[in-house]
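Data block below; observations after.
The values are calculated or read from the model by the stated rules, or taken from the named source; none is laboratory data. Since the model is a prediction, treat every value here as computed from it, not as a measurement. Here Cβ is always computed from backbone atoms with ideal geometry, including for glycine, and neighbour counts include all displayed protein chains.
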Amino acid sequence: MITLAFILVSLIIALSWVDYYRLIDIYDRDDFKNFAIAFSMGLSSPLVVLLIQPILIEPYFSLKNEWLNDLLYCVFAIGMLEEIAKLLPFLVFVYFFRKHITEPIDLVAYFCTAALGFAALENVLYFSNHGGSIIFGRAVLSTLTHMICSSMVAYGLVLYYYRYKKNRVLLFTGGLLAASLAHGLYDYGLIFSGLRFGGSILSLFFFLLLISLFSTILNNAVNNSSFFNYKIIIHSADVQGHILGYYLFVGLIQFSLLFYYESFTIAFYQSIRDVFSFGFVIFVAGTRLSRFTLIKGKWFPLRLELPFGYVNPDPLNKSSRKSFSIRGDSYNERQINEFYQEYLYLHPMNSKRSHLGSKRIAFMEDKMYTENNTSLYTVKVFESDSMNAFRWYVLIPKRAGTSHTKSNKPIAGLFATKDIHNPLAQMVFKEWVILHPLVKE
């Protein structure tokens with residue numbers, strides 16, 4: 001009975017991330033059944049490890065509590081072996097279901113889903129051997145680490161097929177080596193006894209660095225879809241709520257299992273420990289992985305950086321005070337992007353001291369980005385309802401303070417510009433305006 005419970009909770013952990021990939025696959029969303037097939041194929045990957053380890057690893061290589069030997073063991077005997085094991089079912093999936101891979105995010109999402117199959121079976125074995133008290137910790141760290149490492153291999157393929165079109169072997173091998181190194185370093189902190197308690201801290205620190213890397217890989221994959229459309233966006237709040245909601249559910253399952261099979265006291269204190277140990281981590285990971293900067297054709301550089309830090313909340317105002325926050329664009333472009341290449345009304349916020357004088361009809365022509373990837377929109381503002389004459393302006397969404405009205409209408413800064421082809425060169429702020437749809441209200 002307990003083993004069945006462990007199987008179910010492992011499937012729920014995997015399902016949470018399959019749903020995540022379907023939420024961020026906004027341009028050409030794939031059927032759930034394809035993910036189910038990739039996951040099912042991934043369930044076979046631990047068998048590769050079990051077959052190879054006794055033949056090629058154990059007779060020649062083992063942990064000896066020596067830092068260099070154990071580091072090499074973690075990178076090659078654990079990291080590379082497991083990454084190859086996760087790769088094989090993905091390659092089989094690609095061979096039979098190639099027609100379903102139509103954009104970069106498909107390569108990453110399907111590979112990570114196959115890795116979820118590996119993680120799920122591994123979780124069942126760990127839960128069975130060590131009990132239900134490790135469910136939440138493995139759901140947060142181990143499952144995500146498996147996906148992140150697999151995404152590095154997938155990213156090598158993404159770069160070949162969608163960016164460089166050459167050096168396939170080099171990019172693929174580089175991705176595999178990077179994944180093996182990342183996997184091995186994470187495990188080394190947990191395994192090497194010479195680091196003692198500091199090893200767990202180092203692994204957690206490295207895990208946080210990998211979260212930022214994973215976020216950039218996903219962002220680049222979405223940005224370079226051939227179906228890219230500025231009117232379609234990822235709803236960050238929904239994605240964040242999805243991740244945190246699933247993990248809350250996993251935590252409740254762990255509590256229920258410990259309460260039923262152990263005692264309320266054990267269940268309660270384990271939940272408290274998990275909140276202090278992993279609460280901050282899953283909040284940061286869930287928030288960072290929900291924030292996307294969608295720019296058509298943009299390849300952000302991969303950086304090893306913490307997913308939080310001191311960030312300027314208003315990128316256009318260099319003098320504004322930086323605040324400690326999670327990295328990524330937290331601004332919800334959902335409402336303002338609805339006006340992309342559409343007619344709309346611009347309502348001055350202060351009608352008594354207004355540059356426009358009154359509400360004006362406008363047309364949102366294009367979306368552009370500054371050097372620091374802040375979005376701006378070029379608009380034609382018509383002189384009258386006849387729409388015979390117009391002037392060019394630039395709209396920049398208000399990010400600091402109140403960014404939307406109570407009725408959820410976006411607020412933007414209206415800037416005059418002398419050169420619409422290079423609007424940032426000579427741009428002058430005129431006033432704050434509210435964007436309204438061109439319908440009778």
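Specify which of the listed residues (Phe292, Phe264) is among the aromatic types (Phe, Trp, Tyr) and buried (at least 19 other Cβ atoms within 10 Å of the Cβ).
Phe292
Please enumerate the residues belonging to the range 89-102 that are touching a residue at least 40 places away in the same chain (Cβ under 8 Å) and under 17 Å from Phe32 (Cβ atoms).
Taking the range 89-102 first, the residues touching a residue at least 40 places away in the same chain (Cβ under 8 Å) are 89-90, 92-93, 97, 100, 102.
Of everything in the range 89-102, those that are touching a residue at least 40 places away in the same chain (Cβ under 8 Å) and under 17 Å from Phe32 (Cβ atoms) turn out to be Phe93, Phe97, His100, Thr102.
Run down Phe111, Phe136 and say which single residue is touching a Ser or Thr at 6+ places or on another chain (Cβ under 7 Å) and either assigned by TED's automatic domain parsing to the domain that holds Trp17 or buried (at least 24 other Cβ atoms within 10 Å of the Cβ) (or both).
Phe111
Inside the range 208-223, can you point out the residues that are more than 13 Å from Asp25 (Cβ to Cβ) and in contact with a helix residue (DSSP H, G or I) (Cβ under 6 Å, 6 or more places away or on another chain)?
Leu210, Ile211, Phe214, Ser215, Ile217 - these are the residues of the range 208-223 that are more than 13 Å from Asp25 (Cβ to Cβ) and in contact with a helix residue (DSSP H, G or I) (Cβ under 6 Å, 6 or more places away or on another chain).
Considering (1) surrounded by 22 or more Cβ atoms within 10 Å (Cβ to Cβ); (2) closer than 21 Å to Leu141 by Cβ, say which one Met80 fails and leave the rest.
Only one criterion in (1) surrounded by 22 or more Cβ atoms within 10 Å (Cβ to Cβ); (2) closer than 21 Å to Leu141 by Cβ is unmet by Met80, namely (1).
In the range 105-136, how many are of a type in the set (Phe, Trp, Tyr) and under 19 Å from the mean Cα position of the chain (by Cα)?
The qualifying residues number 2.
Assuming Ser226 fulfils every condition listed in (1) surrounded by 21 or more Cβ atoms within 10 Å (Cβ to Cβ); (2) over 13 Å from the mean Cα position of the chain (by Cα); (3) touching a residue at least 60 places away in the same chain (Cβ under 8 Å) apart from one, which condition is it?
Condition not satisfied by Ser226: (1).
Do we find a residue being among the polar types (S, T, N, Q) and without any contact (Cβ under 8 Å) to a residue 24 or more places away in the chain anywhere in the range 54-65?
As a first pass, look at the range 54-65 and keep what is among the polar types (S, T, N, Q): 62, 65.
With without any contact (Cβ under 8 Å) to a residue 24 or more places away in the chain added as a condition, the list becomes 62.
Yes.
Taking the criterion of being surrounded by 16 or more Cβ atoms within 10 Å (Cβ to Cβ), in a loop (DSSP other than H, G, I, E, B) and touching a Lys or Arg at 6+ places or on another chain (Cβ under 8 Å), would at least one residue in the range 201-222 satisfy it?
Among the residues of the range 201-222, not one is surrounded by 16 or more Cβ atoms within 10 Å (Cβ to Cβ), in a loop (DSSP other than H, G, I, E, B) and touching a Lys or Arg at 6+ places or on another chain (Cβ under 8 Å), which makes the answer no.
Mind checking which residues of the range 409-441 are of a type in the set (S, T, N, Q) and under 18 Å from Ser375 (Cβ atoms)?
The initial filter retains those residues of the range 409-441 that are of a type in the set (S, T, N, Q), namely 417, 422, 426.
Listed by number, the residues that qualify are Thr417, Asn422.
Yes/no per residue for (1) without any contact (Cβ under 8 Å) to a residue 40 or more places away in the chain; (2) part of a strand (DSSP E or B); (3) under 15 Å from Val381 (Cβ atoms); (4) of a type outside the set (Gly, Ala, Ser):
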{"residue": "Asn408", "(1), (2), (3), (4)": "no, no, no, yes"}
{"residue": "Ile411", "(1), (2), (3), (4)": "no, yes, no, yes"}
{"residue": "Leu414", "(1), (2), (3), (4)": "no, yes, yes, yes"}
{"residue": "Ile420", "(1), (2), (3), (4)": "no, no, yes, yes"}
{"residue": "Ala425", "(1), (2), (3), (4)": "yes, no, no, no"}
{"residue": "Val428", "(1), (2), (3), (4)": "yes, yes, yes, yes"}
{"residue": "Glu431", "(1), (2), (3), (4)": "no, yes, yes, yes"}
{"residue": "His436", "(1), (2), (3), (4)": "no, yes, yes, yes"}
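Could you please give the count of residues in the range 244-300 that are charged (D, E, K, R), outside any helix (DSSP H, G or I) and either touching a Pro at 6+ places or on another chain (Cβ under 8 Å) or within 24 Å of Leu23 (Cα to Cα) (or both)?
Within the range 244-300, residues that are charged (D, E, K, R), outside any helix (DSSP H, G or I) and either touching a Pro at 6+ places or on another chain (Cβ under 8 Å) or within 24 Å of Leu23 (Cα to Cα) (or both) number 3.
What's the total number of residues in the range 27-46 that are assigned to a helix (DSSP H, G or I) and either surrounded by 13 or more Cβ atoms within 10 Å (Cβ to Cβ) or among the polar types (S, T, N, Q) (or both)? Working first, answer last.
Start the filter on the range 27-46 by keeping residues that are assigned to a helix (DSSP H, G or I), which leaves 32-42, 45-46.
Filter once more, so that each one left must be either surrounded by 13 or more Cβ atoms within 10 Å (Cβ to Cβ) or among the polar types (S, T, N, Q) (or both): 34-42, 45-46.
So the count comes out to 11.
Can you find a residue in the range 150-169 that is in a helix (DSSP H, G or I), among the β-branched types (Val, Ile, Thr), more than 19 Å from Leu218 (Cβ to Cβ) and at pLDDT 95 or above?
no
When you check Tyr161 against the structure, is it farther than 30 Å from Tyr377 by Cα, aromatic (Phe, Trp, Tyr) and within 23 Å of the chain's Cα centre (by Cα), yes or no?
Values: farther than 30 Å from Tyr377 by Cα: yes; aromatic (Phe, Trp, Tyr): yes; within 23 Å of the chain's Cα centre (by Cα): yes.
It is true that Tyr161 is farther than 30 Å from Tyr377 by Cα, aromatic (Phe, Trp, Tyr) and within 23 Å of the chain's Cα centre (by Cα).
Consider the range 190-200. How many of its residues are outside any helix (DSSP H, G or I) and free of Cβ contacts under 8 Å to residues at least 60 places away in the same chain?
1
Looking at (1) acidic (Asp, Glu); (2) within 14 Å of Gly137 (Cα to Cα); (3) surrounded by fewer than 18 Cβ atoms within 10 Å (Cβ to Cβ), which is the only condition Asp274 fails?
(3)
Counting only residues that are part of a helix (DSSP H, G or I) and within 12 Å of Tyr161 (Cβ to Cβ), which one in the range 84-104 is nearest to the chain's Cα centre (by Cα)?
Here the answer is Pro104.
Can you go through His404, His355 and tell me which one is within 24 Å of Asp329 (Cβ to Cβ) and touching a strand residue (DSSP E or B) at 6+ places or on another chain (Cβ under 8 Å)?
Answer to the selection: His404.
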